[in-house]
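Here it is: the structure, laid out below.
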Amino acid sequence: MYLKDDILNNVKFMYDMLDERDESVNISFEMPRYEDHVNFIINHPYKAWYIIHTDNGDPIGNIYINQDNSLACFIKKEYQGKGYGTEAFKELVKMHPESHYLANVNPNNSIGISKLKDRFNGKLIQYTYKIKRDDILNLE
């Protein structure tokens, strides 16, 4: 497994991965239009963003680190549970050494929570709520 800074060469792959995501295990996700997806990739706000490849070069996921050192990793379903995510996190933190990192996870994502707590010794520091604009504006 290796990480490669080739997001712009994998726009369609990235879009297909978004379409594969399970909304119940993501914090805030709505499927974007393809044009919006392309614009996001071109202007990405991340400190770094990589495609995860198998040793034979097949793209299997992506991983990024934000300015606040929050991390996120998404692996295609057929490759999940095989250790690629853990290896990708290890590689990313070697490339971007910091004293600590943050990871957001949906409270319904029991596998993700288990990995963050048990494998990475993560400590829960907050819950995040998604609030729609109209729900705030329509308050009485």
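The values are calculated or read from the model by the stated rules, or taken from the named source; none is laboratory data. Treat the numbers as computed from the prediction; the structure is a model and nothing was measured. Cβ coordinates were reconstructed from backbone atoms using ideal geometry, including for glycine residues, and neighbour counts include every protein chain displayed.
Within the stretch 21-32, how many residues are more than 13 Å from the chain's Cα centre (by Cα) and modelled with pLDDT of 70 or more?
3
Turning to a different aspect of this structure: Residues that are within 20 Å of Asn109 (Cβ to Cβ): find the strands (runs of 3 or more DSSP E) completely inside the stretch 1-79 holding 1 or more of those.
On the way: elements: 2-4, 48-53, 59-65, 70-75.
In the stretch 1-79, the matching strands (runs of 3 or more DSSP E) lie at 48-53, 59-65, 70-75.
Looking at Leu18, Leu3, Leu71, which one is in contact with a strand residue (DSSP E or B) (Cβ under 9 Å, 6 or more places away or on another chain), closer than 23 Å to Leu124 by Cα and touching a residue at least 12 places away in the same chain (Cβ under 8 Å)?
Values: Leu18 fails: closer than 23 Å to Leu124 by Cα; Leu3 fails: closer than 23 Å to Leu124 by Cα.
So the residue among Leu18, Leu3, Leu71 that is in contact with a strand residue (DSSP E or B) (Cβ under 9 Å, 6 or more places away or on another chain), closer than 23 Å to Leu124 by Cα and touching a residue at least 12 places away in the same chain (Cβ under 8 Å) is Leu71.
Tally up the residues in the stretch 63-92 that are surrounded by 14 or more Cβ atoms within 10 Å (Cβ to Cβ) and touching a Leu at 6+ places or on another chain (Cβ under 9 Å), please.
So the answer is 13.
A quick yes/no check of all residues on (1) among the aromatic types (Phe, Trp, Tyr); (2) modelled with pLDDT of 95 or more; (3) on the phi < 0 side of the Ramachandran plot:
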| position | (1), (2), (3) |
| --- | --- |
| His44 | no, no, yes |
| Tyr79 | yes, no, yes |
| Gly83 | no, no, no |
| Thr86 | no, no, yes |
| Pro97 | no, no, yes |
| Asn106 | no, no, yes |
| Ser110 | no, no, yes |
| Asp135 | no, no, yes |
| Asn138 | no, no, yes |
